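Report on the following structure.
The values are calculated or read from the model by the stated rules, or taken from the named source; none is laboratory data. For clarity, every value in this text was computed on a predicted model and none was experimentally measured. Using ideal geometry, Cβ is built from the backbone for each residue, glycine included, and neighbour counts are taken over all protein chains shown. SASA here: full protein model, heavy atoms, side chains in, ligands and nucleic acids out. Shrake-Rupley method; radii C 1.70, N 1.55, O 1.52, S 1.80 Å.
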Amino acid sequence: MTRIRRLLGGITLSLALDAGAADPDTYVAGKAPARRAPDRRYSVRSLTTHDADEQAENLKQWDQTYEQLSPGSFAGRLTDVWFGDIQLFREVTNQSVHEGGRAWPGSRTFGVPMAMGADAIFCGRPLKPDMLLTLGPSDELDFRTPRHLDIVGICVPTGVFEAYASSIDGRSAEARLAGHRILVPPQPAMHAIRRLCADIFQLVDRRPALLGYDAVQRSIQHAVLAHLHATIPESGQPAAESVPTCESRRAIVERARRVVLERSGEHVSVADLCGLIGVSRRTLQYCFESAFDVSPAQYLRAIRLNGARRDLKIAGESASVQDIAARWGFWHLSHFAADYRRMFGELPSRTLRRRGALFDETEGRGATHAD
């Protein structure tokens, strides 16, 4: 018999394994239950992606949209784990992306950066490697990621987290988190939660079946709640930045984004945007640079390129690159193709041909597309 002992966030989890046995005995705090098969449901999904939309769509129960901002071929990895009351996921991306949307209803979300190529911007605030991000049940995701990001997300029902916090110190966790989007925990707490996340995903990679055991799930959930509770601010501690100031900048950026999407067939300029949403060019520039670290013109072009890519991926058999480009306000086809290739690492005609190949496979007939 081989025994493996691991320290999981301060909770010792020992696993005794018979050589060649299909199911391990599970030991928690030195006590071994009777040998039995896994007794609780769980799910683990791991995949690689080559498209920002694909990355966004594969995070289950989230309603979100990714817009690629930096040029180059996209490469991502996602491991999504559900057990007990919580969801944990680890997301690795190689391009700067704007992530928007919401987590599943009634959840409190935390993000733990494992590695970052540069600082990020979360809800209009700078996010550094030694900080956590958080979203409440009614908060919208607004995240401009760096080009290289490895982050763990933890989603817990607010009722579960509130009950745990109340049992520890009799205080409301949600009240202490109100107005906060960025948390700056003490370094020992930050190091501990990052180590916990690494240990959990090492377990998921090597022995995912162990998550089927009630004792393992309970041990991990308790460790996650304890480490998260250690990172939340004390009552009355101010948020890192004035919320109204940040929210007003985000509102301007969101209004600009809606205008571009609603007028996808027009070439909306920065000057047009200033007039349509009623702000000066300087204000618009400041808002975009603080929210996404890009200029308004760069962001608007990225929005239009991402929109064209989505249309190319779902285009019908008779669609052409030229028609789809024109729909998004790109009238010079060679410039569009060059910008598209710079952003996504392939020509628009290749994206469209992949859709054509899908038609060939599923319907048994070919299709001709104009490049």
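Computed values, structure above
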read-out	value
Restricting region 213-233 to residues that are in contact with a strand residue (DSSP E or B) (Cβ under 6 Å, 6 or more places away or on another chain) and part of a loop (DSSP other than H, G, I, E, B), the residue that is nearest to P129 (Cα to Cα)	T231
Members of region 179-212 found to be part of a loop (DSSP other than H, G, I, E, B), at pLDDT 90 or above, out of contact with any Phe, Trp or Tyr (no Cβ under 9 Å at 6 or more places or on another chain) and surrounded by 13 or more Cβ atoms within 10 Å (Cβ to Cβ), listed by number	H180, V184, P185
Condition met for G236 (at pLDDT below 85, touching a helix residue (DSSP H, G or I) at 6+ places or on another chain (Cβ under 7 Å) and open to solvent by 30 Å² or more (accessible area, probe 1.4 Å))	no
The listed residue being among the small types (G, A, S) and modelled with pLDDT of 95 or more, out of G20, G84, G76, G9	G76
Whichever residue in region 23-55 is open to solvent by less than 40 Å² (accessible area, probe 1.4 Å) and in a loop (DSSP other than H, G, I, E, B) and, among such residues, is modelled with the highest pLDDT	D51
Filtered residue count, region 165-203, keeping only those that are within 14 Å of T231 (Cα to Cα) and among the aromatic types (F, W, Y)	0
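Yes or no, residue by residue, for (1) open to solvent by 50 Å² or more (accessible area, probe 1.4 Å); (2) farther than 21 Å from R147 by Cβ:
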site: A315; (1), (2): no, yes
site: V321; (1), (2): no, yes
site: A326; (1), (2): yes, yes
site: F330; (1), (2): no, yes
site: F344; (1), (2): no, no
